[in-house]
Amino acid sequence: MKTIWGEALDRNHPLPEYPRPQLQREKWLNLNGVWSYAICQTTADEQPPKRWDGEIVVPFSPESELSGVQRTLHVNETLWYRRSFTLPPSFLASGNRLLLHFGAVDQEATVYVNGTYVGEHHGGYNAFTLDATESIQEQNILIVQVHDDTDASWHSRGKQKTKRGGIWYTPQSGIWQTVWLEPVPKQYIQSLTAVPLVDEEAVLLTVHGNGSAPCTATIGEETYTLPVNCATKLSLANLRLWQPDDPYLYDLTVIFGEDRVQSYFGMRKTEVRADENGTKRLFLNNKPFFHNGLLDQGYWPDGLYTPPSDEAMLNDIKTAKKLGYTMLRKHIKVEPMRWYYHCDRLGMLVWQDMVNGGEEYRFSTISFPLITGIHHNDHQYRKFARQSQKGRNEYLRELQEMIKQLINVPSIVLWVPFNEGWGQFDAAEICERIKALDPSRPVDHASGWHDQKAGDFKSLHVYFKPYRFSRDKWNRAVALSEFGGYNLRMDGHCWNAVNFGYKKLPDQASLWSAYEKLYREEVLPAIPKGLSASVYTQLTDVEDEVNGIMTYDRKLLKLPEDSLKSLNQEIAKCGCE
């Protein structure tokens with residue numbers, strides 16, 4: 001099954017846009033396109049293959065249709081990539097460093113340039129950068145070696161499963177986000193941190209650099225001189241806040257010695273605090289704001305994890321926005337940075353999940369609480385499939401990497417480290433760890449169940465019984481962080497013959513009637529009592545799941561647009577009163 005964007009794909013120039021809008025340089029080289037690939041049995045002394053299996057379109061995984069391969073990488077197999085490229089002469093200027101960037105490679109990647117090892121990365125969801133200066137020349141051969149255990153180990157894997165089905169999806173491997181290269185001077189900007197201080201009408205800016213060259217930051221028409229690697233408070237005159245109905249972004253230019261980057265930031269404040277009646281709620285910019293959202297898996301029928309184009313990403317966000325939703329819960333996946341950029345500029349709030357991992361999940365741990373409401377202490381590592389200390393350490397490292405990568409995204413207003421007990425462990429302590437890394441956002445420490453009486457929310461998943469609001473015993477805000485999941489097949493737009501969901505409806509009129517009843521009888525009455533957020537399952541169909549408000553190919557909307565917009569406007573009004 002292909003989307004309209006997959007049908008229009010240019011194999012030689014897929015996803016040509018600069019992939020990192022918050023740290024953008026003028027010179028760069030996109031390495032997406034047609035590469036050679038081979039899948040070989042893993043050996044003790046691995047060497048690049050002498051014969052290649054064929055062509056693969058990067059950055060689509062070999063399991064995906066758009067890659068041109070459609071072949072699964074198994075445990076004990078190695079995926080090899082190869083491509084040649086010519087470096088522009090200006091990149092080789094004396095003193096330049098040459099940085100090789102990967103948006104994401106699932107799961108373990110080792111990189112060679114011209115036969116020389118330049119580095120490796122473990123973890124399938126976060127971006128990484130390698131300094132390839134000593135290996136690169138004018139004509140180059142880039143080779144990437146990949147291993148992926150999927151669910152055969154304790155690595156982070158998200159919703160991928162070797163034996164896919166139901167709520168678990170087709171596994172994917174290898175390069176699945178843009179690969180690019182850029183030259184930087186010897187002293188260069190490694191990253192930026194911009195913390196909005198709304199109440200002080202200022203931004204706390206840190207330029208992270210590898211030297212001590214002079215540094216300036218320009219915001220609008222104002223230029224500031226500031227030290228490197230030191231947080232500096234910069235006052236903003238005539239402060240303009242970022243919010244869903246006015247997602248204003250400040251342009252930011254930073255010059256550090258000979259290095260220059262373009263960036264942006266948004267001024268917004270997100271928190272949980274008591275309203276005038278003492279009820280804990282979500283606040284945005286010092287006002288109560290109800291988060292009316294959709295669960296968003298970020299899967300594509302033709303690209304799997306990889307959206308077929310920038311326009312495809314935009315379509316998902318714009319559709320949700322047009323229908324009146326104010327939030328997307330990015331479920332168990334880290335998206336390409338351009339997805340967050342589009343949420344930033346369009347004004348779509350984001351709840352960001354951490355990707356789950358661990359050994360094979362116990363059915364009694366991850367499913368029984370749905371019926372019984374029983375919550376286990378998550379220090380019981382065996383019960384939660386988290387026996388491996390190495391696996392727990394890897395989770396913590398990847399969590400820190402993810403937060404560092406996404407820290408400046410204004411649309412992200414909340415972190416979700418665990419979902420439904422999937423590889424959960426020490427959630428209360430990890431909540432505190434997250435707050436130490438990022439004090440500016442609330443945390444839903446255990447979405448669904450296995451609540452450890454921590455974090456900012458009583459977080460509920462309700463599918464098989466009516467929801468009735470009750471306050472939290474531990475004085476936290478209350479969020480309906482998953483519910484609904486009503487399924488309707490739209491023949492001709494389904495991935496297979498399975499009809500999976502949580503309430504089967506025969507036609508669009510019946511679906512709308514059930515959806516409207518759900519909101520009017522369960523969600524709307526709960527908002528004045530203290531419900532802070534609702535996350536309907538889900539934005540699109542995904543493989544077996546046909547419970548999206550859109551079909552998997554994104555060609556049909558299942559609910560009546562005008563009626564849905566009107567209902568969402570009513571919810572928004574109720575949530576801000």
Just one listed residue, out of Thr193, Thr206, Thr218, Thr223, is in contact with a Cys (Cβ under 9 Å, 6 or more places away or on another chain) and in a strand (DSSP E or B), and it is Thr206
From the list Trp495, Trp449, which one is surrounded by 20 or more Cβ atoms within 10 Å (Cβ to Cβ), part of a loop (DSSP other than H, G, I, E, B), in the same structural domain as Ile549 (by TED's automatic domain parsing) and in contact (Cβ under 8 Å) with a residue 60 or more places away in the chain? Trp449
Test result for Asp378, under 16 Å from Asp444 (Cα atoms), acidic (Asp, Glu) and touching a Phe, Trp or Tyr at 6+ places or on another chain (Cβ under 8 Å): yes
hydroxyl-bearing (Ser, Thr, Tyr) and surrounded by fewer than 19 Cβ atoms within 10 Å (Cβ to Cβ): does that describe Ser440? yes
Which members of the range 107-135 meet the condition of being of a type in the set (A, V, I, L, M, F, W, C), out of contact with any Phe, Trp or Tyr (no Cβ under 8 Å at 6 or more places or on another chain) and either not assigned by TED's automatic domain parsing to the domain that holds Arg82 or not in a strand (DSSP E or B) (or both)? Ala132
Checklist (1) touching a residue at least 60 places away in the same chain (Cβ under 8 Å); (2) more than 21 Å from Leu414 (Cα to Cα) applied to Met348, failing item: (2)
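Restricting the range 316-341 to residues that are in contact with a Pro (Cβ under 9 Å, 6 or more places away or on another chain) and part of a helix (DSSP H, G or I), which is surrounded by the fewest Cβ atoms within 10 Å (Cβ to Cβ)?
Here is the first cut: in the range 316-341, the ones in contact with a Pro (Cβ under 9 Å, 6 or more places away or on another chain) are 316, 321, 326-327, 335-341.
If we keep only those that are part of a helix (DSSP H, G or I) too, we end up with 316, 321, 337-341.
Working: Asp316: 22, Lys321: 18, Met337: 21, Arg338: 21, Trp339: 25, Tyr340: 25, Tyr341: 23.
Among those residues, the one meeting the criterion is Lys321.
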Return only the number of the condition from (1) in contact with a Lys or Arg (Cβ under 6 Å, 6 or more places away or on another chain); (2) at negative phi that Gly95 does not satisfy. (2)
When the residues of the range 88-106 are narrowed to those that are touching a Phe, Trp or Tyr at 6+ places or on another chain (Cβ under 9 Å) and not aliphatic (A, V, I, L, M), which ends up farthest from His74 (Cα to Cα)? Arg97
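Each row is one residue, and each column tells you yes or no for (1) more than 30 Å from Tyr81 (Cα to Cα); (2) outside the structural domain of Pro59 (by TED's automatic domain parsing); (3) surrounded by fewer than 16 Cβ atoms within 10 Å (Cβ to Cβ).
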{"site": "Gly158", "(1), (2), (3)": "no, no, no"}
{"site": "Lys163", "(1), (2), (3)": "no, no, yes"}
{"site": "Gly166", "(1), (2), (3)": "yes, no, yes"}
{"site": "Val179", "(1), (2), (3)": "no, no, no"}
{"site": "Ile219", "(1), (2), (3)": "yes, yes, no"}
{"site": "Thr225", "(1), (2), (3)": "yes, yes, yes"}
{"site": "Cys230", "(1), (2), (3)": "yes, yes, yes"}
{"site": "Asn238", "(1), (2), (3)": "yes, yes, yes"}
{"site": "Gln243", "(1), (2), (3)": "yes, yes, no"}
Hey, could you check the range 542-576 for residues that are among the acidic types (Asp, Glu), touching a residue at least 24 places away in the same chain (Cβ under 8 Å) and outside any strand (DSSP E or B) and say which is surrounded by the most Cβ atoms within 10 Å (Cβ to Cβ)? Glu543
Are any residues in the range 426-445 touching a strand residue (DSSP E or B) at 6+ places or on another chain (Cβ under 6 Å) and not in a loop (DSSP other than H, G, I, E, B), and if so, which ones? Cys431, Ile434, Val443
Pair list, Cβ < 7 Å and 6+ apart or interchain, from the range 222-247 residues that are without any contact (Cβ under 8 Å) to a residue 60 or more places away in the chain to residues that are surrounded by fewer than 16 Cβ atoms within 10 Å (Cβ to Cβ) and acidic (Asp, Glu): Ser235/Glu201; Leu236/Glu201; Leu239/Glu201
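Is it fair to say Ser94 is crowded, with 17+ Cβ neighbours inside 10 Å, assigned to a loop (DSSP other than H, G, I, E, B) and of a type outside the set (Val, Ile, Thr)? Step through it out loud before you land on a result.
Working: crowded, with 17+ Cβ neighbours inside 10 Å: no; assigned to a loop (DSSP other than H, G, I, E, B): yes; of a type outside the set (Val, Ile, Thr): yes.
For Ser94, the condition - crowded, with 17+ Cβ neighbours inside 10 Å, assigned to a loop (DSSP other than H, G, I, E, B) and of a type outside the set (Val, Ile, Thr) - is not met.
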So which pairs qualify, if the first residue must be in the range 415-430 and within 21 Å of Gln405 (Cα to Cα), the second must be of a type in the set (Lys, Arg) and part of a loop (DSSP other than H, G, I, E, B), the Cβ gap must be under 7 Å, and the two must be at least 6 apart or on different chains? Trp415/Arg441
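Quick one: would you say Gly455 is without any contact (Cβ under 8 Å) to a residue 60 or more places away in the chain and touching a helix residue (DSSP H, G or I) at 6+ places or on another chain (Cβ under 8 Å)?
On the way: without any contact (Cβ under 8 Å) to a residue 60 or more places away in the chain: yes; touching a helix residue (DSSP H, G or I) at 6+ places or on another chain (Cβ under 8 Å): yes.
When the stated conditions are applied, Gly455 passes them.
The values are calculated or read from the model by the stated rules, or taken from the named source; none is laboratory data. Everything numeric in this text was worked out from a predicted model, so none of it was measured. For neighbour counting, all protein chains shown are included, and Cβ atoms are generated from backbone atoms with ideal geometry for every residue, glycine included.
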